[in-house]
Each structure stands twice: as C-alpha cells, then as structure tokens.
Amino acid sequence: MTLFEASPAAGETPPPDAVAPRDSTADAPTSVARLNTTIRDFIARWNIVWVEGEITSWNVRGGNVFGRLKDTQSDAQISIRVWSSVRGRIPADLAVGAHVVAAVKSDYFVKAGDFSFTVSAMKHVGLGDQLERLERLRAQLRGEGLFDASRKKPLPFLPNTIGLITGERSDAEKDVHRNAELRWPQVRFRTEYAAVQGERCVPETLAALARLDADPEVDVIVIARGGGDPQTLLGFSDERLVRAVAAASTPIVSAIGHENDRPLLDDVADLRASTPTDAAKRVVPDVGEQRALIAQLRSRATTRLTQRISHDIAQLEQLRTRPVLRTPDPIIDTRSQEVWLLLSRGRDTISRHIDGAERRTVELRASLRALSPAATLARGYAIAHLDGGSILRDAADAPAGTTMTITLENGSVAARSEGAAQSPSTPA
C-alpha cells in the first residue's frame, strides 16, 4: 500500500506522492509510483475477458509461462502470463501456433510499468490457419522424400569459401563470422544480404541462393537468422524456397532461430543448426582440436615406429647369437667339400658320356662308309643315271640314243646308249 504524506502548508509545493495524476501540473508533478498505482487501481476494476487468438510466443521460465497472443485477422498482439498454479489446469500440449480461447484479466506491474494479461483458463480452438497450412505442406514434402536423410549431402571437412545468406548488419552475421574465425582464423566468407522477414524475404533469399550455388569456390552455404516468432519466420517455410534448397548442388546449413523454432527449411536443409553460432561451429573444424589431433597421431606414430625398430633390433640380436651366423666357417667348409665332390662326380660322368659318344660315332662312321655308294665307286664301279634322275639297272631300259650320266668316284660324264649289247652265253 502506498502511503501519501499530509497536505503541505499554503504556498509550499506538495510532494509528488501527494499529487493525484489528474491534478498534476508542471509546478506540482505527480510521482511515477503514484501514476503506476493509479493505473493499476483503474485496471484492476476490469473484469475477466474471454479472448480468441493464436499463440506466437510461449516461453517457460521457472514453471511460469510468458508469451504473446496474436489476433487471427490482424497483427494486433497482447502479452500473456500463465502462472504455475494455472498451468496445471490447461492443456499440456499448448505451444506456438496453437489457436486458443483464453480467459484473461488485465494486470499492470507497478514496479516496471509493464502491462500484460494474466491467464486463468485456456483451451484449444484448433490449429491456427498458418500452422495448419504449414503442416499440410510439411506432410506433402515428406511424402515426396525431400526430408529423407539419404538425399542430404555431407558437409566438407574444411570449406574453401563459406557462403552466408543473412540480414545486412545483423547479429546473426556477426555471430557466424566471429565464431567461425575463432575456430579457423583463415576461413573465407562470401556474404549475400537478403531480407529475413516480410515480403522481400523469399525472393531475395532465392536470388542469393542462386548466386552462391553457382559459385564454384563456395563449398557450403549457411542461411542464418537470429530467431523470432513464427509469424516472422514464415518466409523460411515458403514452398519455393524449400524446393530451391532441396535442388541446390551445394550443401546447405539452416541456422534459423533457436531450438523451439522449426521452419520447413530446417527439415530440407542438409544440416540444421540450432543457432547461427552453432552453424559456425559445425561448418569449420577447430584449429586447436586439429593441432591436438595431429600431435596425438604423431605421438602414436612415433611410439609405433620406436616399438617396431626395437622389436627388429631384438630379432637381429637373437639371430646373431645363433651358431650359423656367429661362426659360419664350418658350415661353409662342409658345403664346399660337398660341392667339390659333386663337381668331380659330374666331371667323371660327363667324361664317360663323351667317350661313349665318341666310340659310337666311330662305329657309325664305319658302318656308313661300308654302306655308302662312294666305297663301291672307289672300287671302280660307276652309276648310270637317266635324264629323269632314276638309276639305270637294266640295259633294256636304255634303248639306242638314250642320254645318261655316268657317275664315277671322282666326277661324272655324259654318255649316249647305242642299244643293248648281247650277253655272252653262260657255260653250262
């Protein structure tokens, strides 16, 4: 309860708490506390009102809910509060986009000067028109397979250039640049600015997406916005934008809002990041982590090589202690004796084979000479050949005038037959 001081004496300026707002002047102003108390007392006389609208914000803090309710036909909105004692009596599935009817009572917070409505009851009327349309579109796109994990493209380990689509001079742009550069200082960006809400959001985002997707140096594209209520995020659920993202050849990261914001772009993108900061952390590796990993791998490789070399040295030392390697001379001498014996045996065998072959050759030469016509010719005989090359064996085969060749021991002569001569009678 606010206490007011007694009325001042005539001619004195009354204290601000003693001046009613309707009686205030420049010389006798009222206090902020009394103004807020007057407003609260006036509002407190209002009765409970049943109001219909669509939930556009629903934030739970310490069991209480702080949200906003939007008119279904215009942009008019009111702030609502649902205390924990009332929350247990309303449907548990209430969330952003729900179409509801609520019993509200005006409430003016004197300390902060905030005006809101306290909810004493709330029930579903049905999905809001926008949410209903989005759910129908979501079901259609899911049926076409645009949300399937199999069609999503993997992000490159370290992109050459990151394409960024965001609002000009926005906090989302700063978050992505700052966090990406903290992780990988040499990262490069190509930023395309576009409206992130309103009528220009979809066409400008589509144009920026087309330019970045056509750039061969851009390895990944981030579409970033710093959250907002579903009404301001409708552009990122537009069917044209969703289908363009699905058809893009470059991997796309959706970084729209916070965890409780879920436009259709999140479902069709190759990767969904909860915030622009999260997107920056997921598109580039951490240089510190990579250096630590390289150091770890080098340490493991050094350990393995050291172990392998030590093992091989131990094996060599073990082999060197064996008699065959420690004093190999006796084995070599033994083997050399065996080689000499085998060599001598081989020489004897080959000599015997050669001698036998020589004797066989002499025998064959003698047989050949005995059978050769040359030996017969050497004894004074001759061989008569007809012109066709056949040997003449019968005088009847060479009538008078037949040309023939007579082969002797040394050379040959040509002759002509004068007819067969009569053989002398053989005595009885």
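For the structure I just gave you, tell me whether Val339 is exposed (fewer than 10 other Cβ atoms within 10 Å of the Cβ) and either β-branched (Val, Ile, Thr) or at pLDDT 95 or above (or both).
Judged against the criteria, Val339 is not a match.
Exactly one condition in (1) surrounded by 15 or more Cβ atoms within 10 Å (Cβ to Cβ); (2) over 21 Å from Val110 (Cα atoms); (3) over 49 Å from the mean Cα position of the chain (by Cα) is false for Asp27; which is it?
All conditions are met except number (1).
Across the stretch 390-420, what is the total count of residues that are open to solvent by 50 Å² or more (accessible area, probe 1.4 Å) and out of contact with any Gly (no Cβ under 7 Å at 6 or more places or on another chain)? Spell out the reasoning first.
Applying the first criterion (open to solvent by 50 Å² or more (accessible area, probe 1.4 Å)) to the stretch 390-420 yields 390-391, 393-397, 399-400, 403, 405, 408-410, 412-414, 416, 418, 420.
Subsequent filtering for residues that are out of contact with any Gly (no Cβ under 7 Å at 6 or more places or on another chain) retains 390-391, 393-397, 403, 405, 408-410, 412-414, 418, 420.
Residues flagged as open to solvent by 50 Å² or more (accessible area, probe 1.4 Å) and out of contact with any Gly (no Cβ under 7 Å at 6 or more places or on another chain) within the stretch 390-420 amount to 17.
For the stretch 343-386, give me each residue that is out of contact with any strand residue (DSSP E or B) (no Cβ under 8 Å at 6 or more places or on another chain), of a type in the set (Gly, Ala, Ser) and closer than 30 Å to Asn410 by Cβ.
Ala366, Ser367, Ala370, Ser372, Ala374, Ala375, Ala378, Gly380
Here's a check for you: in the stretch 77-92, which residue that is in contact (Cβ under 8 Å) with a residue 24 or more places away in the chain and loosely packed, with under 14 Cβ neighbours inside 10 Å is nearest to Asp41 (Cα to Cα)?
Checked the stretch 77-92; the qualifying residue nearest to Asp41 (Cα to Cα) is Trp83.
Can you find a residue that is touching a helix residue (DSSP H, G or I) at 6+ places or on another chain (Cβ under 6 Å), at pLDDT below 90, not hydroxyl-bearing (Ser, Thr, Tyr) and not in a helix (DSSP H, G or I) anywhere in the stretch 229-237?
no
So Ala207 clears everything in (1) in contact with a Ser or Thr (Cβ under 9 Å, 6 or more places away or on another chain); (2) at pLDDT 90 or above; (3) assigned to a helix (DSSP H, G or I); (4) farther than 20 Å from Lys153 by Cα except one condition, right? Which one?
Every condition holds for Ala207 apart from (1).
Being outside any loop (DSSP other than H, G, I, E, B) and of a type in the set (Asp, Glu) narrows it down to one residue among Glu199, Glu289; which is it? Walk me through it before giving the result.
Numbers: Glu199 fails: outside any loop (DSSP other than H, G, I, E, B).
Every option except Glu289 fails the conditions.
Residue by residue through the stretch 37-63, note down the ones that are of a type in the set (S, T, N, Q), surrounded by 12 or more Cβ atoms within 10 Å (Cβ to Cβ) and under 17 Å from Phe117 (Cβ atoms).
Thr56, Ser57
So which residues in the stretch 258-317 are touching a residue at least 24 places away in the same chain (Cβ under 8 Å) and β-branched (Val, Ile, Thr), if there are any at all?
Once the filter is applied, which keeps residues that are touching a residue at least 24 places away in the same chain (Cβ under 8 Å) and β-branched (Val, Ile, Thr), the stretch 258-317 yields Val268, Thr275, Thr277, Val283, Val284, Val287.
Just to verify a result, which residue in the stretch 346-396, among those that are basic (Lys, Arg) and part of a helix (DSSP H, G or I), is modelled with the lowest pLDDT?
The qualifying residue modelled with the lowest pLDDT is Arg369.
The values are calculated or read from the model by the stated rules, or taken from the named source; none is laboratory data. Every value quoted in this text rests on a predicted model; they were computed, and no experiment measured them. Every residue, glycine among them, receives a Cβ derived from its backbone with ideal geometry; neighbour counts consider all protein chains shown. Keep in mind that these areas ignore ligands, DNA and RNA; they rest on the heavy atoms of the full protein, side chains included. Shrake-Rupley method; radii C 1.70, N 1.55, O 1.52, S 1.80 Å.
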